[in-house]
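Structure provided below as structure tokens; questions to follow.
The values are calculated or read from the model by the stated rules, or taken from the named source; none is laboratory data. Bear in mind that the values here come from a model prediction, so they are computed numbers and not experimental data. Every residue, glycine as well, gets a Cβ built from its backbone with ideal geometry; the counts of neighbours run over all protein chains shown.
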């Protein structure tokens, strides 16, 4: 059984670039688009993870400004109150 089909509308110049690249890479246009989508989604996932980490760092910096004793506490125990640096 084949995978479900999805239709994508491309401007003629993008379709031509896709066709030329696929031929040069010895891949189908579908394979090129799947690879591009996989790379894009992985990049977005990393960006979302980085954004979440940055929000947490800002939250901790704010807490530290509000309670300077936290800086000493984190310095003694690592980056996390549980002692786990991650």
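Return the residues of region 7-22 that are loosely packed, with under 12 Cβ neighbours inside 10 Å and touching a helix residue (DSSP H, G or I) at 6+ places or on another chain (Cβ under 9 Å); say none if nothing qualifies. It would help to see each step written out before you state the result.
First pass over region 7-22, keeping only residues loosely packed, with under 12 Cβ neighbours inside 10 Å: 7-9, 11-14, 16, 20.
Result: 8, single match.
Here's a follow-up. Looking for something out of contact with any strand residue (DSSP E or B) (no Cβ under 9 Å at 6 or more places or on another chain), surrounded by 12 or more Cβ atoms within 10 Å (Cβ to Cβ) and without any contact (Cβ under 8 Å) to a residue 24 or more places away in the chain - is there at least one such residue anywhere in region 47-60?
Yes, some residue in region 47-60 is out of contact with any strand residue (DSSP E or B) (no Cβ under 9 Å at 6 or more places or on another chain), surrounded by 12 or more Cβ atoms within 10 Å (Cβ to Cβ) and without any contact (Cβ under 8 Å) to a residue 24 or more places away in the chain.
Could you check, for region 78-86, whether at least one of its residues is out of contact with any strand residue (DSSP E or B) (no Cβ under 6 Å at 6 or more places or on another chain) and either part of a helix (DSSP H, G or I) or modelled with pLDDT of 95 or more (or both)?
In the first step, residues of region 78-86 are kept if they are out of contact with any strand residue (DSSP E or B) (no Cβ under 6 Å at 6 or more places or on another chain); the result is 78-86.
From the residues that got through so far, the ones that are either part of a helix (DSSP H, G or I) or modelled with pLDDT of 95 or more (or both) too are none.
No, every residue in region 78-86 fails to be out of contact with any strand residue (DSSP E or B) (no Cβ under 6 Å at 6 or more places or on another chain) and either part of a helix (DSSP H, G or I) or modelled with pLDDT of 95 or more (or both).
Here's the yes/no breakdown for (1) without any contact (Cβ under 8 Å) to a residue 12 or more places away in the chain; (2) more than 26 Å from the chain's Cα centre (by Cα); (3) assigned to a loop (DSSP other than H, G, I, E, B):
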site	(1), (2), (3)
10	yes, no, yes
24	yes, yes, no
35	yes, no, no
40	yes, no, no
43	yes, no, no
